[in-house]
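Report on the following structure.
The values are calculated or read from the model by the stated rules, or taken from the named source; none is laboratory data. No experiment lies behind these values; they were computed from the predicted model shown. Reconstructed Cβ throughout: ideal geometry from the backbone, glycine too, with neighbour counts over all protein chains shown. When the accessible area is computed, the model is the full protein with side chains, heavy atoms only, and any ligands, DNA or RNA have been set aside. Shrake-Rupley method; radii C 1.70, N 1.55, O 1.52, S 1.80 Å.
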Amino acid sequence: MDYILISSPLQGFTDFRFRNTFHAVMGGIDTYYAPYIRLDGKKEMKKQTQRDLQPVNNQTPKLIPQVLTNNASDFIWVAQQMQQLGYSELNWNLGCPYPMVSKRGMGAGLLNNPAQIDRVLQQVFAESDTKISVKMRLGLESKFEIFEVLPVLNKYPLQNITIHPRIGKQLYKGEVDLAIFEKCIGLTPHTICYNGDINSVDTFREHANRFPGIKHWLIGRGLIADPFLPQMIKNNTLQYPENKLEQFRKFHDILFSEYEQALSGSGHLLHKMSALWEYFARLFPNTPKAFKMIKKANNIKAYNEAVGAIMANK
Ligand SMILES: Cc1cc2nc3c(=O)[nH]c(=O)nc-3n(C[C@H](O)[C@H](O)[C@H](O)COP(=O)(O)O)c2cc1C
């Protein structure tokens, strides 16, 4: 089967610099979701969000913006802004699990309120012609909440529904519930996309064998922890490319120089790179202390030395 691989949005990681670099150097991703847009009480987008979505800043083939809201008016306003920038689809975040968000009835905090989901979608579809897709968890507090939400989603002509089969309360801990995911597939005519814990080609293959009808797969953290994963899935191979180290070095170096230009001061730059290395470190099992070495580097020279040492030990 021809799989569609989608970069799952990671606020703080998959900004336009990351997406462009990933596309240029690593590849294998068909569609990128941008991290969520959230309005803070006003019909106004943060400068950083605006920059992230400006078409001139984006060189990936297909980019879909996402909104995090619980009200139709903000949703419609964001949809209009996105249409003006040339985006025809907006993804609705019904999965963000963080209490700061869910306690305000947004993200996963809406999953126990199907009536509100219905109201929002009804107004959005009445007042906007943007295509809508949904990214959701199984529920906020119970994995059965989704059974009340799907009938509501089934009333609307959505592009697709991504399911991350955890509940909000779990955050990112515990197992994904594949049995409930499987049940959901049979409960909706919508295209279902799978998302959660795809960290290796083997895991992808297991899931793809278990769910032969699923064509769309979102990869979030796995794409940073192993940037080769999408191309290896696409090439149907367990083998890393021969120039693995060279390719990773290029990916790293472009990211470094992009963030060096964008961020003010070496502290911010080191912080940014360190956050990436918390994931990258897993690519270097010969250096179990890789992340510690990066974290310890308190200036650019030390950082470069740490990166050099990690890569030399491959
Ligand atoms: C740091 C971080 C930021 C995230 N930001 C977003 C976001 O902006 N929008 C969203 O829908 N999901 C967000 N997610 C969830 C991921 O897109 C994804 O659904 C989740 O990590 C599970 O997939 P994975 O196991 O492939 O990472 C975020 C997750 C993490 C860890």
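A few points about this structure:
- Cα gyration tensor shape of the stretch 4-234, rounded if a/c is under 1.5, else prolate or oblate by comparing a/b with b/c: oblate
- Once backbone amide H atoms are built at 1.01 Å from N, ILE37 has GLN66, VAL67, LEU68 as its partners under 5 Å, excluding neighbours fewer than 5 places away on the same chain.
- Under 12 Å, Cβ to Cβ, from ILE294 - net charge with Lys/Arg +1 and Asp/Glu -1: +3
- Here the label points at LYS43 and ALA126, each 7 Å from Cα along the C-beta direction, are separated by 1.8 nm in the simple model.
- Distance between modelled label sites at GLU141 and LEU85, nm, 7 Å Cα→Cβ extension: 3.6
- Taking θ as phi - 60° and the Karplus parameters 6.51, -1.76 and 1.60, the scalar couplings of the stretch 9-25 work out to x, 10, 4, x, 10, 8, 6, 5, 5, 5, 4, 4, 5, 4, 5, 5, 9 Hz in sequence order, x denoting glycine and proline.
- Sequence-ordered 3J(HN,Hα) estimates for the stretch 225-235 from the Karplus curve with 6.51, -1.76 and 1.60 and θ = phi - 60° stand at 5, 9, x, 7, 4, x, 5, 5, 5, 4, 8 Hz, glycine and proline given as x.
- Dipole magnitude for the stretch 4-234: computed about the Cα centre from +1 point charges on Lys and Arg Cβ and -1 point charges on Asp and Glu Cβ, it is near 340 debye.
- MRE, 222 nm, helices only [DSSP H, n ≥ 4, -39500 (n - 2.57), over the chain, to nearest 500]: -12500 deg cm²/dmol
- Solvent exposure of the chain as accessible area per residue, Å², 1.4 Å probe: 46
- Taking a sphere under 14 Å around the Cβ of PRO65 and counting the other residues whose Cβ falls inside, with K and R at +1 and D and E at -1, yields a net charge of +3.
- Full-extension gain in nm, LYS173 to ARG205, via 0.36 nm per residue minus C-alpha separation: 9.3 nm
- Placing +1 on the Cβ of every Lys and Arg and -1 on the Cβ of every Asp and Glu, with no other charges, gives the stretch 206-314 a dipole of roughly 280 debye about its Cα centre.
- Charge dipole of the stretch 212-314 about the Cα centre (unit charges at C-beta), most positive-ward option of LEU283, VAL307, PHE251: LEU283
- Residue separation of ILE185 and LEU245 scaled by 0.36 nm, minus their Cα-Cα distance, works out to 17.7 nm of gained length.
- The accessible surface of the chain, taken with every protein chain in place and a 1.4 Å probe, is 49 percent carbon and sulfur.
- Sequentially through the stretch 213-220, phi angles give Karplus couplings (6.51, -1.76, 1.60; θ = phi - 60°) of x, 8, 9, 9, 10, 9, 10, x Hz, Gly and Pro residues having no value and appearing as x.
- Taking the Cα centre of the stretch 49-181 as reference, the dipole from Cβ charges on Lys and Arg (+1) and Asp and Glu (-1) amounts to some 280 debye.
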